[in-house]
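Working notes, structure below.
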Amino acid sequence: SSSSTTTSTSTYTPPPVQTTTPPTTTTTGGTTPQPTSTGTPGVCPALPANINLVANSALPDPFTFVNGQKVTTKADWECRAKEISELFQRYELGTFPPKPSSVTGSYSGGTLTVNVSEGGKSISFTVRISGNTGSNVPAIIAYGAASIPVPSGVATITFNNDDIAAQQNTGSRGSGKFYTLYGSGHSASALTAWAWGVDRILDALEVTTGHNINVQRVGVTGCSRNGKGAIVAGALVKRIALTIPQESGSGGSACWRLSDYQKSQGTNVQTAQQIITENVWFSKEFEKHVNQVNRLPIDHHMLAGLVAPRGLYIAENTDMEWLGAISSYGCPKVGRKIYEALGVADNMGVSQIGGHNHCSFPSGQNSELTAFINKFLKDQSANTNVVRTDGRFNFPEAQFVNWSVPNLA
Ligand code: MCU
């Protein structure tokens, strides 16, 4: 394992395009309007190429820009969200590429074929679609295979994410179709490459007929390692209407700082230091930071915030020590403050219960899941006010939150 120390200005090379133009909500090339928006974009502060990383044991303030400016409006938040996305890409996810020059598709007999070309190279992959009878059918993209009960009236799009970026072990870096297209040295981690694959599935659905899917009402889910993938997809792909990470734990719904805190309390929890020794879910750059995660200007409460204001239902499991029950509950609970600031707290749910095996969705969460699906995929009204754990622990929130929640105008 790595024992390198982090230098205050890291060796990060910024991507060539750094602009101060306001964010657009359809940078991935969607031709349809977004179902929701957080406000009118303004001119955003530029993110400095080099950031002086200073230790902060609290979860970083989502409402203060790197340059110290405060977030006071929803338009500011759009800028801050863009900055946070860039920070995630810089420190842990690698670069999330924009829409490639060509994406085409074809649909036949339950199989959607996605063809992508960029820079003289091409790849193709397929996803299976089931339950798509009718018209304007909402759908859930399931990484690997769905391990949540997908209700009738909602199609399932089964996505073999490993085909896009392999996740066997640390030797998987740079292998998979994403890297065939962009080169094996591309900085994107597996989680990022999979999100890119989700983005391309949506592109292909948009330009293909016969599948009956309503592209405006597509959710994403995955469990465990694939749950980490689901939350990253929801954060990066703004066309996703509902994000359902299941038992994603560290690197997903959990915060690096909180998992380190639990580790220091004697819990056998996955930490950043461990995660990089197991797989390629995060970028090479992240390896420089795992010994000092409290110097990162981000943590995963802000990853949840990138999904806002769209639907986000986090399902966790108190019985799995490795997931870090306090971290997997406390982190999204803090992340939900971003939804609160936007006036849509109920669009994000946090639910953590035990009494079931890993990735075996418990019936005790069925009604919550149904409510989120009804509201965000079926356009029905539903009560999605959920923040709960059956864990008998104390999350010392005041120790980790030293900022207040603005009421964004
Ligand atoms: C919770 O997700 C992961 C975990 O991060 C890994 O450390 C472990 O090896 O595998 C879990 C998983 O994906 O289980 C299916």
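The values are calculated or read from the model by the stated rules, or taken from the named source; none is laboratory data. Keep in mind that what you see is a predicted model, and the values were worked out from it rather than measured. Note that each Cβ is placed from the backbone with ideal geometry, even for glycine, and that neighbours are counted across all protein chains shown.
Data overview
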| read-out | value |
| --- | --- |
| Answer from T27, T21 - the residue that is modelled with pLDDT under 95, in a loop (DSSP other than H, G, I, E, B), more than 21 Å from the chain's Cα centre (by Cα) and loosely packed, with under 14 Cβ neighbours inside 10 Å | T21 |
| Residue match in region 100-123 (condition: under 21 Å from the mean Cα position of the chain (by Cα) and among the hydrophobic types (A, V, I, L, M, F, W, C)) | no |
| Any hit, region 211-224, residues being within 20 Å of the chain's Cα centre (by Cα) and more than 30 Å from S101 (Cα to Cα) | yes |
| Among (1) within 30 Å of R90 (Cβ to Cβ); (2) within 16 Å of the ligand (Cβ to nearest atom), the one test that I298 misses | (2) |
| Subset of region 202-247 [within 16 Å of the ligand (Cβ to nearest atom), within 18 Å of A165 (Cα to Cα) and part of a loop (DSSP other than H, G, I, E, B)] | S224 |
| Test: residue in region 325-341 that is outside any helix (DSSP H, G or I) and crowded, with 18+ Cβ neighbours inside 10 Å | no |
| Which listed residue, of N347, N279, N317, N268, is touching a Leu at 6+ places or on another chain (Cβ under 8 Å), modelled with pLDDT of 95 or more, of a type outside the set (A, V, I, L, M, F, W, C) and within 16 Å of the ligand (Cβ to nearest atom) | N317 |
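Residues checked against (1) touching a helix residue (DSSP H, G or I) at 6+ places or on another chain (Cβ under 9 Å); (2) part of a loop (DSSP other than H, G, I, E, B); (3) within 24 Å of D199 (Cβ to Cβ); (4) among the β-branched types (V, I, T):
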| site | (1), (2), (3), (4) |
| --- | --- |
| N50 | no, yes, no, no |
| K99 | yes, yes, yes, no |
| T113 | yes, no, yes, yes |
| S122 | yes, no, yes, no |
